[in-house]
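Read-outs: derived from the displayed coordinates by stated rules, not from any lab. Just so it is clear, the model here is predicted, and its values are computed rather than measured. Neighbour counts run over all protein chains shown; Cβ positions are idealised from the backbone, glycine included.
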Amino acid sequence: MKVERPFYYLERSFLNGREFRDVDDLKIQLQKWLTDVNDVRVHATTRKKPIDLYIQEHPFLQVLPANHFDTSEVVNLVVNQESCVQWKGYLYVVPDKYMYEVCSVRITEDHLVVYSPMGEQLITCPLAEPGRKERYVGVHHKTGKKPDLDIADVISRLEAFAPEMSEYIDQVRRHKPGSWRHHLRSLLAMKVNYRVEDILIAVRRAQMYKVFESGTIERFLANNSEPRYSIKLSFKRNNKDEHER
């Protein structure tokens with residue numbers, strides 16, 4: 001028997017030609033139809049009444065689960081340079097320290113939950129209602145400029161790639177005294193699209209040829225690695241980098 005067949009029967013036998021005042025009236029009529037028509041008819045395939053089969057099978061039926069099955073949608077989203085994940089046109093603010101990370105996001109019927117790459121729950125926000133004018137959900141600091149990761153946090157996260165990153169970071173700082181912060185932040189942002197293993201290969205090549213510009217490393221990755229996600233983060237140099245020592 002085809003899966004669609006019971007719905008066809010329900011539409012023709014119950015819904016066809018009926019009118020309902022409201023949902024409660026529909027439920028009342030449906031219950032009466034189930035009892036007086038559906039349950040006592042002789043089924044064309046089994047040649048038995050559904051109510052008789054139910055009585056036979058009832059002792060063997062399992063108890064329904066205590067909790068409903070979780071049908072939430074789960075997606076992986078990038079924390080962008082504004083420290084937000086974007087969903088359905090709205091920006092949900094997450095802690096700055098997860099900027100450029102790819103986080104798991106669970107969307108329920110009325111909430112959005114963001115988890116860190118390690119599985120820690122970061123935020124839970126009500127879903128933005130349709131037509132909402134404010135694009136940001138959560139506490140968003142409107143300072144007129146995009147948030148920057150603290151450079152110490154950037155270095156710590158880069159050093160977590162592999163022990164050899166410490167040496168390359170020192171070389172970038174030495175050879176790019178006015179813009180090293182920009183290059184390190186850009187290098188960390190590449191983690192969004194490329195695997196750490198591929199970034200390390202590109203860094204080793206950069207060390208071999210005395211290259212310390214993040215743009216050169218990114219071009220190497222674009223030509224030689226398969227991106228994990230088709231996402232491009234706009235990343236402009238912070239002017240204050242030129243003056244910081």
Legend entry - R0 of 45 Å, Cβ-Cβ distance residue 33-residue 132: FRET efficiency to nearest 0.05: 0.60
Legend entry - Which of 223, 7, 201, positive extreme of dipole for the chain (C-beta unit charges): 223
Inset, instruction - Towards the positive end of the charge dipole of the chain, with charges on Cβ (+1 Lys, Arg; -1 Asp, Glu), say which of 192, 37, 62 has the farthest Cα. - result: 192
Legend entry - Modelled label reach - residue 72, point 7 Å along Cα→Cβ, segment 107-124 residues with backbone N closer than 13 Å: 107-116, 119-124
Inset, instruction - List the relative contact order of the chain as a percent without decimals, with contacts defined as Cα pairs under 8 Å and 6+ residues apart. - result: 12
Legend entry - Computed over segment 1-89, the ratio Rg/Rh where both radii use C-alpha atoms and Rh is Kirkwood: 1.21
Inset, instruction - Return the distance in nm (one decimal) between the two label points of a simple spin-label model at residue 24 and residue 8, each offset 7 Å from Cα along Cα→Cβ. - result: 3.7
Legend entry - Size of charge dipole - segment 1-75 - debye, nearest 20, with Cβ of Lys, Arg +1 and Asp, Glu -1, no other charges: 500
Inset, instruction - Order by neighbour count: 125, 103, 84, fewest other Cβ atoms within 10 Å first, most last. - result: 125, 103, 84
Legend entry - Dipole magnitude of the chain, debye to nearest 20 (Cβ charges: Lys/Arg +1, Asp/Glu -1, about Cα centre): 780
Inset, instruction - Just name one of 125, 102, 83: the one whose Cα is farthest towards the positive end of the charge dipole of segment 73-137 (beta-carbon charges, Lys/Arg +1, Asp/Glu -1). - result: 83
Legend entry - Ordering of 58-67, 199-208 by packing [mean C-beta count within 10 Å, highest first]: 199-208, 58-67
Inset, instruction - Using the Cα centre as the reference, give the magnitude of the dipole from point charges on the C-beta atoms of segment 73-137 (Lys, Arg: +1; Asp, Glu: -1; all else neutral), rounded to the nearest 20 debye. - result: 160
Inset, instruction - With P(r) over Cα pairs in 5 Å bins from 0, in percent defined as stated, name the option among (i) 1, 6, 14, 19, 20, 17, 12, 7, 3, 1, 0, 0; (ii) 1, 5, 12, 15, 14, 13, 10, 10, 8, 6, 4, 2, 1, 0, 0; (iii) 1, 5, 10, 11, 11, 10, 8, 6, 6, 5, 5, 5, 5, 5, 4, 2, 1, 0 computed from the structure displayed. - result: (iii)
Inset, instruction - Order these peptides, 85-95, 169-179, by their mean beta-carbon neighbour count within 10 angstrom, highest first. - result: 85-95, 169-179
